[in-house]
Every structure is written in C-alpha cells, then in structure tokens.
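Following: one structure in structure tokens, then a few remarks.
The values are calculated or read from the model by the stated rules, or taken from the named source; none is laboratory data. No experiment lies behind these values; they were computed from the predicted model shown. Cβ placement follows ideal geometry from the backbone for every residue including glycine, while neighbour counts extend to all protein chains displayed.
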Amino acid sequence: MISILIIDDHPLVGDGISTMLNSESYLTILGICKTAKDAIEFLTTALPDIILLDINLPDMNGLALCELIRKNNNSTKIIGLTSTNEAGIIIQFLSKGANGYLLKNMERDELLLAIREVMNDKIFLSKAANQKLLEQYNTVNQAIKSVPILTRREKEVLNLLHEGLNGPQIAEKLFISHFTVETHRKNLMQKMNANTTQLLLKNAKIFNLI
C-alpha cells in the first residue's frame with residue numbers, strides 16, 4: 001500500500017485528486033493539507049510514501065516547504081503539483097529535493113505513472129515539463145546542476161539589488177563594507193554568468209531566485 005499526502009489549498013484540486021486515486025486499491029490518501037503550517041504539523045505524526053505538493057500555498061512558498069520537508073525526511077517522495085510550466089521553477093523544485101513535477105491538467109494515467117516511477121527512485125516530469133526543460137538543457141541532470149548555489153549573504157545582496165539599492169545603500173542596510181558588497185556582487189555575477197547587474201537580475205528571475 002502506497003500512502004499519499006496532498007498539500008494544496010484549492011479544495012477542487014485536492015478533493016479531485018483524492019477521488020481519482022482512491023479508486024486504486026494499492027493507494028491510500030492519508031490526508032489533504034491546505035497550508036504549509038498544517039502540512040508541517042501533519043508530518044510530525046505521519047510519514048507518507050508520497051507528497052503531492054502545490055508550489056503556491058497561502059502561507060509559504062512550495063519551494064521552501066519542499067526544502068524544509070527534505071531536510072527532515074529523506075525517504076518520502078515529493079512530486080510538485082502546479083499549473084506553472086516554467087523551466088526555472090521546475091529546476092528549482094528538483095534542486096530542493098523533489099522527485100517529480102506534474103502540471104495540474106495532467107491525465108489520471110500520467111499521475112499514476114508518476115507515482116510508480118518515483119517509488120522506483122526515478123525522477124518523473126510531465127511531458128510538458130520535460131519538453132520545457134529540454135528546450136534549454138540536454139538532460140534533466142544538467143538542468144538541476146545549472147542552479148546556482150548562493151550563500152545566505154549573497155541571497156540578501158541579490159534581493160536588495162532587485163529592490164533597486166546600490167552598493168553603498170546595501171552596505172548600510174547589511175552593516176557591511178562597500179568592498180564586501182562588491183565582492184558578493186562579483187561572486188553572484190560569476191555564478192549566474194552575468195557581466196552586468198541587469199543581466200544578473202534577469203538570470204536570477206529565470207532561476208526563480210528573486
């Protein structure tokens with residue numbers, strides 16, 4: 001028996017998937033959580049085999065929740081369930097520890113296939129998501145490896161650059177020297193293959209980092 005937790009704030013989606021899967025004798029729905037808070041509490045007392053996770057939740061970004069779940073639980077399979085088919089978000093989701101990515105308009109057979117594949121320790125992408133990734137990368141693994149790994153301070157500098165602050169303003173905001181800010185900016189540009197701040201921010205948006 002494969003146990004499943006659905007995390008989605010839209011009742012029609014959660015109930016629809018539950019109804020769709022309940023007809024399969026080898027699947028059982030442990031619950032439906034509508035917020036990240038509810039899901040975190042639920043996971044303190046239950047360990048589902050699979051989590052179907054919406055990327056847009058009212059109280060926390062699904063990417064952040066995926067990363068949080070994965071830090072505390074390395075065995076449960078996580079499948080992103082969303083209407084967003086953007087390469088940057090797909091890559092981010094997989095890099096946070098997800099095992100698959102499905103669009104909400106998927107067919108029942110595709111969902112069942114995804115469940116079987118991730119339970120066999122494979123990465124599963126919907127046909128549309130896979131096509132989107134392969135428009136830019138040769139393989140899924142190459143796409144995942146392309147995600148820049150940023151330090152906490154680099155993330156702070158990047159967000160402030162996105163807000164329109166300049167070097168001296170960022171230095172004052174973070175209580176660091178202007179030289180340190182410029183060092184972080186140069187590191188960010190190198191990691192995201194950019195030679196201007198404008199291109200840096202453009203690439204950061206592609207990777208869903210801002």
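So residue 50 ticks every box in (1) more than 17 Å from the chain's Cα centre (by Cα); (2) surrounded by 14 or more Cβ atoms within 10 Å (Cβ to Cβ) but one. Which box is left unticked?
Residue 50 satisfies every listed condition except (1).
Residues 30, 52: which one is modelled with pLDDT of 95 or more, more than 21 Å from residue 93 (Cβ to Cβ), assigned to a strand (DSSP E or B) and of a type outside the set (S, T, N, Q)?
The conditions single out 30.
Which condition does residue 117 not pass, out of (1) within 16 Å of residue 17 (Cβ to Cβ); (2) touching a strand residue (DSSP E or B) at 6+ places or on another chain (Cβ under 6 Å); (3) of a type in the set (Asp, Glu), if it passes all the others?
The one condition residue 117 does not meet is (1).
Pull out all pairs, ordered by first then second residue, where Cβ-Cβ is under 6 Å, the residues are six or more apart or on different chains, the first lies in region 29-52 and is within 23 Å of residue 122 (Cα to Cα), and the second is assigned to a loop (DSSP other than H, G, I, E, B) and at pLDDT 95 or above.
Listed by first residue and then by second, the contacts come to 30/48; 48/76; 51/76.
Among (1) surrounded by 14 or more Cβ atoms within 10 Å (Cβ to Cβ); (2) over 23 Å from the mean Cα position of the chain (by Cα), which single condition is residue 186 missing?
Result: residue 186 fails condition (1) only.
For residue 91, all conditions in the list (1) over 22 Å from residue 11 (Cα atoms); (2) surrounded by fewer than 18 Cβ atoms within 10 Å (Cβ to Cβ); (3) within 9 Å of the chain's Cα centre (by Cα); (4) not hydroxyl-bearing (Ser, Thr, Tyr) hold save one; what is the number of the exception?
Checking residue 91 against (1) over 22 Å from residue 11 (Cα atoms); (2) surrounded by fewer than 18 Cβ atoms within 10 Å (Cβ to Cβ); (3) within 9 Å of the chain's Cα centre (by Cα); (4) not hydroxyl-bearing (Ser, Thr, Tyr), the one that fails is (2).
Among the residues that make up region 128-149, is at least one of them at pLDDT 80 or above, closer than 30 Å to residue 20 by Cα and in the same structural domain as residue 68 (by TED's automatic domain parsing)?
So far as region 128-149 goes, no, none of its residues is at pLDDT 80 or above, closer than 30 Å to residue 20 by Cα and in the same structural domain as residue 68 (by TED's automatic domain parsing).
Hey, any hits in region 81-91 for a residue that's at pLDDT 95 or above, more than 20 Å from residue 110 (Cβ to Cβ) and out of contact with any Cys (no Cβ under 9 Å at 6 or more places or on another chain)?
No, region 81-91 contains no residue that is at pLDDT 95 or above, more than 20 Å from residue 110 (Cβ to Cβ) and out of contact with any Cys (no Cβ under 9 Å at 6 or more places or on another chain).
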